[in-house]
Structure formats: structure tokens, C-alpha cells
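Take a look at the structure below.
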Amino acid sequence: MRFLKALLFAVMTFCLLVAPAMAAKTIKIGAILSVTGPASFLGAPEANTLKMLTEEINSKGGINGRKIELIIKDSGANPGKAISFAKQLIEEERVFAIIGPSTSGETLKIKSICEKGKTICISCAAAEKIVNPVAKYVFKTPQKDSFAARKIFMQMQKMGIKKIGVVVGNTGFGLAGKAQLEKIAPEYGIDIVISEVYDKRATDLTALVTKLKARGVQAVVNWSIVPAQAIIAKNMRQIGFNVPLFQSHGFGNIKYVKAAGAAAEGIIFPAGRLLVVDSLPDSDPQKPVLMKYKKDYESRFHEEVSTFGGHAYDALMILVKAIKKAGFDKEKVRDAIENLKGFVGIGGVFNFSPTDHNGLDINSFVMLTVKNGKFTLLKQ
Amino acid sequence: MNLDLLFQYIAAGLTYGFIYAIVAIGFNIIYNTTGIINFAQGEFVMLGSMIAISLHPFMPLFPAIVLAVVITMLIGAIMEIAFFRWIESPTILRMIIITIGLSILIREAALAIWGENVRALPYFTGNEVTSVSILGARVSPQVLWVVGVCSVTVLALQAFFKFTRYGWQMRACAVNRDAARLCGIKAKNMVTLSFMLSAGIGALAGCVVSPITYSQYNMGVPLAIKGFTVAILGGLGNYLAAVAGGIVLGIIESFSVWVLPSAYKDSIAIGILLIILFFRPGGLFGSKEELALKEF
């Protein structure tokens, strides 16, 4: 009996001492993504990308010997859910870092929660506000809205366009874009003569494009999500209004080109290089990374790669790079991300700094156009 | 403001108007036989277009549309037989609440089946950029299809209710269901028939508007709201009035965009609707006396 008691004691002690160490062989990474819901076009490819990358990293032995345990939470683009998932991941799951959310609204809601929880958050959402003002633990991988606006205006200058019309859908994305465009336009000597907001669920926009036509604008900029970005293109061409149509970087999915059909031809928009990887020169530093991601993703999921999945790719790879360098200390990893330079990702080449938690510059965007139903680099 | 632009605004208004009207007609059929508003009408529109889009890879466009209409009619019949026929005391309020529940159910089922992708049927004539010129205004040929289908539907319904036995029986049920039953009319079958008819017309509407508006699992809601508005504006239960109401609302919306920022489009349209209903509670073409006889 005494022997049994002693054995039990020994086993218990062993468990207490060794088991946590065994469990700690993995590293928990949380992800809050809009896998379903109105922003599933962002969240679904992001979740796929994370799963694919995690498997690849784990099959090669993980990060510094520890395998990644990926916990994906589907927020359905609902900020309320994002908040409770963020708390759950930080307080209960005690994750090492959070990737996502997919949308700007959700990210802005959990920004302060991650700050308080001292947990690194690498967002896959676009809005400038996520990293401006800089929050210590919050980073983001997609290019800033303002770069998209600047890139569009630079192209307009080249084309000699001075008077433009701006139309946006009444979503957070659309309204943020409108604010950026209106703020930056004067710097490039461009006059926004008409600026309109339409219902994101509008079924037809003929009256609106008629108004634009009547104001004699030389180009139209549309900042919205589907289906409105296809409807506006169709309606413009149908009424015989043939000025150049610029879309936001949100147009970067070949599905939208298919939805707009013949009306998509000639649309100009800024996007990352992923969409035109085949026509990039071999000297482009991003080309090998992009080629591999595109090939892996498309052969695995049988759907065309979109820039959105790339945002998640960058988020996870940046985190992995920083952990490899700094070990498993959250504070040190945070510092390592902040000092990461020259990381070649899907969105561009990242150079972080204490004042820049995005790390991308304006050259991460290229101007694309649609030709014969395909994306191609716009010939200057 | 030159004349071409004026006509262009009118053309835009007519486009909106006929899209709303073709949805509104479905509301009126069920209202006429049962006195209820079927809040799942928008879901019939969505089902029709989504089914047609799913069938189209396997067959030409027109058989796909016909088959989609037939399938949606069957769904309408099943819906009525499963949820309405067995209600012991079918009060108006109870039935309306069932239609709201069904609309949510169908929408969620559609989300599970088709996901959230935006799809569309191809343009019946030409493609996304084709347009024809009428009085200097340029419209897509698909708009003419909507106008044509809407007109034929209204005429066919008028003929059906005026000249056929089933049409008479359905009208009799609408006037007084108990009296109709005493005359030997199977009132319950008439209700089923009205659900089938309005499901079919909803599906047809979904197919013709799909190239213009695109189709998605939740497309029914905004269309149903506008269709409902138009049905009320014209005067519930009257098909021609629905078309007229649609044109009125469409033109108002279109011209509101001309003078004011387009963000106000819907508030102006709904504001004017409220004003009209304040002075004419029975709608533009309904009479007060008729309204007083109705339960709802």
C-alpha cells in the first residue's frame, strides 16, 4: 500500500512537472477571419492559406522545433463576434499571436483588446487607421488605402486627366476610400467635380452614371465591393459613357471580372503583383515567392488565387520569421517584427519600423487593367 | 439639361420601375386569394434566378428558365401544403408571421446550397455593354425583356382571372371564402394555386432581372421591399396598378438622383410614398370604400 502511494505520488509529480513542458511543444496561433458572411471573399482564401502554410511548416518540423497549433475563429465579419473571439483567444486559449481580422471594422474594434492583452495582432484588413496612430502590438499586411488613391492619381496625371467623378458604396470600405480620395486629390492637381455615395445593394445605377456623364468628367473612380463594382461598369458602357473607369484595389479578384463580363474590359485599378505574376520580369524580387504561392494554392484548392489570401500568408510568415529570430518570448518577437527589414512577401517587400507597422511602400502596388477577361499590367 | 439626358433619366426610372413592378405582381396574387402579404415573395425571386443559373450549364437558357419556374412553383405549392393548409384558424396575422419565418428559412437554405457568390444569368440578347438607342436614351436590351415579360404577365393574369374557371374561383375566394366554399369551390386548393402562381411569377421575375441586378442568396430582401412598396403605392391586389406604381416610384427615384445626392434616393422615394398614402390610403388606384371592406 505504501509502495502504491509512493508510486502514485511519483506519477503525479511527473505529470505536474513534465506534462506542461510536453504540451508547450506546440505554439498556439489564433486567427479571427470572416470565413463566412458578407466578407467571405476575404476570409475564406485567408483561412485556406493559413491552413496550407501551417501544414507545410509543421511537416518541416515547425518553428524552432515547435509545431504550430492553428485556431481559426469564423467571425462572419461581425465586429461583436470578433471582440468576443479576441478575448477568448487571449484569455482562455492564451495564444501567442492573433492573425486577422479580415475586415477593417473588426480590427479597429479589437485593437485596444490586443493592446491590453499584450498580444501581437497582425491584421489582414486595409484601413489606414489600424496602424495610424501606431499601436504597440498591432500590425497589418495589406497595402494602405492612401497608396491605392495615390497610385490612381499618378496614373491620371500621366493620362492628362484633371476632372473626375468619385462614386462609392455606403460601406466602411467605400466611405474610407472616398475620404482618402478627397483628401489627396488636390496634391495631384485633380479636381473632384462630383462625389456620390450609393446604396451597397443598389440593383441598377443608370441614373447615377447619367449624372456623372452630364457633369462632363474625364474619368470615374469607383470604390466599392461586389456586385456594385460590376453594375457601375455595365451601366456606364450601356449609356455610352466611355471615359476610363478606375476601381479600388478591392477589384483584385478574377471573379469580379467574370461578373462584369464585357463591361470589365479596360477597367484600371491598383493591386499587388500576385495577379499578374506570369507577366512579371524575372528580375522582380517577388516573382519566386508569388509563383510558389500561386501554384500551391491553386493546385490545393482548385480556385484562382486572390490577393486577399496573400495578406494572411504575409501575416503568418512575418510572425514565423520573427519567432525564428527572437524565440518564444512575446515581447522580443514584437520587437523583432518592428525591426524586420526586407521581407519579401505576397503584398510586397516589407520594411517595418517603430513608426510604420505596415511596412509596405507605394511600389507594392502596380496598375493593372483588364484585357480579354484577364488581368494584365497596364502599359504606361 | 439637354433632351438626351432627360430621356436617359426617364429610361433609368422605367428600368427601376419595371423591375419593382414585376416583383410586386407576385405579392398581389397571394393577397387577392388569401388577404395576406407573402413576405417570402422576394425569396421566390431569388430561388427562380439561382435555380436557373444552376441549370444553365446543362441546357440552353430558355429551357433552364422554364424548368426553374416550374421547380419554384412546386416549392411554392409544397410551402403552402406544409405550412398553411393545416392551420386551424388561419388568421391574417398568423399567416403573415409564417411567411416571414419561411423567408428566413429559404434564405439560409440558399446560403447553404449556393454560398455567397454573386452570380448572374447571361444577357438574353447581346452582352453587358450592348445597348439600343430610344429617343436618344440608351438602354440595355435586357430592360426591354423586363418590360416585355412584365407586360405579358400582367395581360395573361388579367385574362386568367377574367376568362377561366380557375380564375373565377380564385376571385370568388378573394371576395368571400366561406361563400365560395358553400358554392362548392375548393377554397384550399385555390390558395395552393395562388402560391404556385406567385412563386412562378416571382421566379420568372428573378430570371429576367438577374443579368441586370445579379443574383445572390440575399437578393430577395431589397427587391421584396421595393416590390411591396410598389404594390402598396399602386393599390394592393391590382396588377396594372402595380406596374403604374412601379413606374411612378422608379421615375421619382431616377429624378431624385438628378437633383440631389444619390445617397438620399431611398429616403426620398419612401418619403413620397408616405405622403401619397397619407392622402390616398388605398394607394394611387385603390378606392377608400374597397379598402374598408378588407381585413388587412
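No value in this document is a laboratory result; all are computed from the given coordinates. As the structure is a computational prediction, the values presented were derived from the model and not from experiment. No Cβ is skipped: glycine too gets one built from the backbone with ideal geometry, and neighbour counts run over all protein chains shown.
Brief remarks on what is shown
- Against the compact-protein benchmark of 2.2 N^0.38 Å, the Cα-based radius of gyration of region A:146-271 scales to 0.94.
- Sorted ascending by nearby beta carbons within 10 Å, beginning with the fewest, B:Phe161, A:Phe153 become B:Phe161, A:Phe153.
- Value of Rg to Rh for the protein assembly as shown (Rh from inverse mean 1/r over Cα pairs, i.e. Kirkwood): 1.05
- Take each peptide in A:191-197, B:76-82, count the other Cβ atoms within 10 Å of every residue, and average; sorted highest first, the result is B:76-82, A:191-197.
- Seen from A:Ala219, the other residues with C-beta closer than 13 Å to its C-beta sum to a net charge of +4, counting Lys and Arg as +1 and Asp and Glu as -1.
- Rounded to 10°, Cα long-axis angle of helix A:228-238 versus longest principal axis of chain A: 20 degrees
- Region B:30-95-region A:86-118 distance, computed between alpha-carbon centres (Å): 44 Å
- Here the Karplus relation 6.51 cos²θ - 1.76 cosθ + 1.60, evaluated at θ = phi - 60°, turns the backbone of region B:22-27 into coupling constants of 5, 6, 5, 4, x, 4 Hz, with x for every Gly and Pro.
- Cα-based Lys proximity count in region B:3-293, under 30 Å, for pairs eight or more positions apart or on separate chains: 9
- Span from the region B:216-264 Cα centroid across to the region A:218-246 one, whole angstrom: 23 Å
- Annotation: aspartates and glutamates with alpha-carbon distance below 15 angstrom to A:Lys151 (same-chain offsets under eight excluded): A:Glu182, A:Glu187, A:Asp361.
- Residues A:Asn132 and A:Lys25, FRET efficiency given R0 of 41 Å [Cβ-Cβ distance, rounded to 0.05]: 0.60
- Region A:213-304: relative contact order as a whole-number percent, Cα under 8 Å and 6+ apart: 24 percent
- Less than 5 angstrom separates the built amide H of A:Ile120 from those of A:Ile98, all sequence-distant by 5 or more or on a different chain.
- Aspartates and glutamates whose Cα lies under 15 Å from that of A:Lys234, excluding same-chain neighbours fewer than 8 positions away: A:Asp204, A:Glu265, B:Glu128
- Spin-label model distance (nm) - B:Thr91 vs A:Asp282, 7 Å beyond Cα toward Cβ: 8.0 nm
- Region A:260-362: GluC sites (Glu not before Pro) in DSSP coil with no more than 16 other Cβ atoms inside 10 Å: A:Glu303, A:Glu304
- Tail fraction, Cα-Cα pairs, chain A, threshold 31 Å, whole percent: 38 percent
- Counting only the Cα atoms, region B:3-293 fills a convex hull of 140 Å³ per residue.
- Computed over chain A, relative contact order equals 16 percent, with contacts defined as Cα pairs under 8 Å that lie 6+ residues apart.
- In region B:193-277, Cα pairs under 8 Å separated by at least six residues give a relative contact order of 17 percent.
- Amide H partners (placed H, <5 Å) of A:Ile71, local residues excluded: A:Ile29, A:Gly30, A:Ala31
- Nearest-ten-degree value, helix B:239-259 long axis tilted from longest Cα axis of chain B: 30 degrees
- Members of A:Lys51/A:Lys109; A:Lys5/A:Lys67; A:Lys140/A:Lys183; A:Lys255/A:Lys332; A:Lys51/A:Lys374; A:Lys109/A:Lys292 lying beyond 31 Å, as alpha-carbon distances in this model show: A:Lys5/A:Lys67; A:Lys255/A:Lys332; A:Lys109/A:Lys292
- Helix-only [θ]222 nm of chain A, DSSP H runs n ≥ 4, -39500 (n - 2.57) each, per residue, nearest 500: -13500 deg cm²/dmol
- The packing ranking of peptides B:197-204, B:93-100, highest mean first, is B:197-204, B:93-100, where packing means the average number of other beta carbon atoms within 10 angstrom of each residue.
- Sorting the segments B:10-17, A:285-292, A:342-349 by their residues' average number of neighbouring beta-carbon atoms within 10 angstrom, most packed first, yields B:10-17, A:342-349, A:285-292.
- Sparse packing (at most 11 other Cβ atoms within 10 Å of the Cβ) combined with a DSSP loop state is found for the following trypsin sites (Lys or Arg not before Pro) in region A:64-101: A:Arg94.
- Euclidean distance between Cα centres, region B:140-157 to region A:275-300, Å: 48 Å
- 3J(HN,Hα) from dihedral phi, region B:101-109, Karplus parametrisation 6.51/-1.76/1.60, rounded to Hz, x for glycine, proline: x, 4, 5, 5, 4, 5, 4, 5, 5
- Neighbour-count ranking [beta-carbon atoms within 10 angstrom, fewest first] of B:Met190, B:Met219, B:Met59: B:Met59, B:Met190, B:Met219
- The DSSP beta bridges internal to the protein assembly as shown are antiparallel in roughly 35% of cases.
- Candidates B:Phe62, B:Phe285, B:Phe18: whichever shows maximal mean-square fluctuation once chain B is modelled as a Gaussian network with Cα springs under 10 Å: B:Phe62
- Stretched out straight at 0.36 nm per residue, the stretch from B:Ser54 to B:Leu277 would grow longer than its current Cα-Cα span by 76.2 nm.
- Kirkwood Rh and Cα Rg combined as Rg over Rh, evaluated for region B:171-296: 1.04
- What the phi angles of region B:51-66 give under the Karplus curve with 6.51, -1.76 and 1.60, with θ = phi - 60°, is a coupling list of 5, 4, 5, 5, 7, 4, x, 9, 7, x, 4, 6, x, 4, 5, 4 Hz, glycine and proline written as x.
- Amide H contacts for A:Ala219 (H built 1.01 Å from N in the peptide plane; partners 5 or more residues away or on another chain; cut-off under 5 Å): A:Gly165.
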